[in-house]
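Asker: Below you'll find the structure I mean.
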Amino acid sequence: MRLIAGLGNPGQKYQNHRHNVGFMAADAIVRRHSFSPWSKKFQGLVAEGNLGGEKVLILKPQTFMNNSGQAVGEAMRFFKIAPADLIVIYDELDLAPAKVRVKTGGGAGGHNGIKSIDAHCGKDYRRVRVGIGHPGAKERVHGHVLGDFAKSDEVWLDPLLDALADAAPMLVAGDDSGFMNKVSLAVKGSAPEAAAKPVKPPAKGQSHIRQARAKKPAVEIPETGPMAAMLKKLFGKD
């Protein structure tokens with residue numbers, strides 16, 4: 001039996017938060033694969049079904065994010081589920097929006113839900129990190145994570161959740177690479193792109209001004225006169 005835990009905070013006011021993308025993914029899987037209705041158990045909401053012939057329990061902890069491990073640990077002990085059979089889906093600041101990465105073990109990366117699960121269940125479980133992007137400044141992180149997805153995010157969020165649900169059997173089967181490739185292809189073209197191409201940095205030890213002066217001038221420089229002296233000084237021509 002496999003346990004898939006989607007992380008988030010319970011309650012209507014949190015349901016569209018970026019921090020709740022794990023709940024959103026869990027809901028999408030349950031809908032797509034006709035799992036049982038949600039019921040209250042293990043300090044959470046659970047639904048049962050099958051993915052690729054494997055019996056699967058999906059859990060949305062109702063303990064609030066920071067205590068996610070209490071609910072996950074209780075379900076694991078009841079069904080005698082090993083960490084290797086646990087899959088946790090959650091939001092990741094350090095991934096660009098619509099990017100998804102799967103890994104086994106590792107650090108919590110500052111995510112309090114993962115810290116709690118590590119404490120209650122050990123670290124050797126698989127982590128599905130769903131990118132929500134970083135706001136760019138540390139002081140804006142709290143508002144970003146605990147803020148609703150923007151209307152413009154729907155262009156990639158909806159296809160992403162559909163893709164996560166469609167590819168869930170591959171995840172349960174242990175085909176992490178295939179799962180990531182399928183999700184990536186499904187959202188290709190809808191994910192946010194960089195607004196501008198990166199600017200090539202100046203050569204080591206050379207300022208942008210010196211680089212500009214080193215370029216061949218676009219105009220001919222007179223040989224004599226005040227203008228010639230000024231242009232020669234500007235372009236560094238002897």
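Asker: Under the Karplus relation 6.51 cos²θ - 1.76 cosθ + 1.60, θ = phi - 60°, what is the ordered set of whole-Hz ³J(HN,Hα) values for the range 46-61, x standing for Gly and Pro?
Answerer: Each residue's phi maps through the Karplus curve to give 10, 9, 10, x, 10, 10, x, x, 9, 6, 9, 10, 9, 10, 10, x Hz.
Asker: OK, next. Work out how much length residue 184 to residue 141 would gain on full extension: take 0.36 nm times their residue separation and subtract the Cα-Cα distance, in nm to one decimal. Walk me through the numbers before you get to the answer.
Answerer: Details: separation 43, 0.36 × 43 = 15.48 nm, distance 2.53 nm.
Difference between extended and current length: 12.9 nm.
Asker: Nearest-5 percent of antiparallel DSSP beta bridges in the range 2-187? Don't skip to the answer; put the middle values down first.
Answerer: On the way: 17 of 31 bridges.
Rounded to the nearest five, the antiparallel share is 55 percent.
Asker: State, to one decimal in nm, how far the label point of residue 16 lies from the label point of residue 152, with both points 7 Å from Cα in the Cβ direction.
Answerer: Going by the 7 Å Cα→Cβ label model, 1.6 nm.
Asker: Then there's this: Out of residues 5 or more away from residue 45 or on other chains, whose amide H comes under 5 Å of its own, with H placed 1.01 Å from N in the peptide plane?
Answerer: 60, 62
Asker: Output wanted: per-residue J couplings in Hz (rounded whole) for the range 27-38, from phi through Karplus 6.51 cos²θ - 1.76 cosθ + 1.60, θ = phi - 60°, x for Gly and Pro.
Answerer: Ordered by residue, 3J(HN,Hα) equals 4, 5, 5, 4, 5, 5, 10, 6, 6, 5, x, 5 Hz.
Asker: Within the range 1-39, which residues have the backbone N less than 16 Å from the label spot 7 Å out from residue 50 along Cα→beta-carbon, could you tell me?
Answerer: Within reach of a label on residue 50: 1-2, 33-36.
Asker: Using 30 Å as the Cα-Cα cut-off, could you pick out the over-long pairs in 41/103; 41/182; 41/188?
Answerer: Details: 41/103 28 Å; 41/182 32 Å; 41/188 37 Å.
Going by Cα-Cα distance, 41/182; 41/188 fall outside the 30 Å limit.
Asker: A further question on this structure: Considering only DSSP beta bridges where both residues belong to the range 75-135, give the percentage that are antiparallel (nearest 5).
Answerer: Working: 5 of 11 bridges.
Bridges in the range 75-135 are about 45 percent antiparallel.
Asker: Here's a follow-up. Using a 10 Å cut-off on Cβ atoms, rank the peptides 52-65, 166-179 from the highest mean neighbour count down. Intermediate values should be presented prior to the final figure.
Answerer: Working: 52-65: 20.2, 166-179: 18.3.
Answer by packing, highest mean first, reads 52-65, 166-179.
Bear in mind these aren't lab numbers, they're just calculated from the coordinates by the rules spelled out. What you see is a predicted model, and the numbers here were worked out from it, not measured in a lab. Every residue, glycine among them, receives a Cβ derived from its backbone with ideal geometry; neighbour counts consider all protein chains shown.
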